[in-house]
Amino acid sequence: MKELHRFIATGCYSGLLPGAPGTWGSLACLCAWLALSFSSPIYSAFLAVFVIVLGILSTRAYLTQTPELGQDPACVVVDEWAGMLITLLPLNSNAPYWQPVLAFALFRTFDIIKPWPVGRMERLPGAWGIMLDDVVAGIIAAAILLMVVKPGLIHF
């Protein structure tokens, strides 16, 4: 079970790549999303919810099994997977290439700079803080992406 939790928490081991694990995890998720060829955001939404729940459970278990990693180890990137999946909700896999690239850039920007309320979520304890800051970053990035790719859909 420990290896299964490690596999999930590290985003199919993408968080173990050197350099920038959060970026690698986000990129791995984008590649997986493109490979799955979702034709409907509904499938992406189900996958995002599944990854969030599984991510919280696996991250909690993985951190309990490996306390030497600390509170928010860089190798845990299932949160980036969840945030990317949320960011990609306005798109389907047939979207022009620039839209998933923009989704990636938006999500990574909000994940890195952590504006309010993203930074606030990060202060939650344990797996909740690890996961929810990226979920909120994904929601913000998805809202901006939606305004760019479907500008007539949202009226102020």
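The values are calculated or read from the model by the stated rules, or taken from the named source; none is laboratory data. This structure is a prediction, so every number in the text was calculated from the model and none was measured. Cβ placement follows ideal geometry from the backbone for every residue including glycine, while neighbour counts extend to all protein chains displayed.
Just to confirm my filter: which helices (runs of 4 or more DSSP H) fall fully inside segment 1-118 and include at least 3 residues that are under 12 Å from the mean Cα position of the chain (by Cα) and under 21 Å from LEU132 (Cβ atoms)?
In segment 1-118, 21-36, 41-65, 78-87, 98-113 are the helices (runs of 4 or more DSSP H) which contain 3 or more residues that are under 12 Å from the mean Cα position of the chain (by Cα) and under 21 Å from LEU132 (Cβ atoms).
TRP116: closer than 15 Å to LYS150 by Cα, surrounded by fewer than 24 Cβ atoms within 10 Å (Cβ to Cβ) and of a type in the set (Phe, Trp, Tyr), yes or no?
no
Name every residue in segment 50-69 that is modelled with pLDDT of 95 or more, among the aliphatic types (A, V, I, L, M) and in contact with a Leu (Cβ under 8 Å, 6 or more places away or on another chain), in order of residue number.
VAL51
Please indicate, with yes or no, whether at least one residue in segment 50-63 is among the aromatic types (Phe, Trp, Tyr), within 25 Å of LEU4 (Cα to Cα) and out of contact with any strand residue (DSSP E or B) (no Cβ under 8 Å at 6 or more places or on another chain).
yes
Identify all residues within segment 119-135 that are aliphatic (A, V, I, L, M) and crowded, with 23+ Cβ neighbours inside 10 Å; write none if there are none.
ALA127, ILE130, MET131
Take the conditions under 14 Å from the mean Cα position of the chain (by Cα), buried (at least 17 other Cβ atoms within 10 Å of the Cβ) and modelled with pLDDT under 95 and apply them to ILE140. Does it pass?
no
Using the structure shown, decide if LEU69 is surrounded by 14 or more Cβ atoms within 10 Å (Cβ to Cβ) and either hydrophobic (A, V, I, L, M, F, W, C) or closer than 14 Å to GLY138 by Cβ (or both).
yes
Can you tell me which of TRP81, TRP128, TRP116 is of a type in the set (A, V, I, L, M, F, W, C) and over 28 Å from HIS5 (Cα atoms)?
TRP116
Can you tell me which residues in segment 100-113 are of a type outside the set (A, V, I, L, M, F, W, C) and buried (at least 17 other Cβ atoms within 10 Å of the Cβ)?
Within segment 100-113, PRO100, ARG108, ASP111 qualify.
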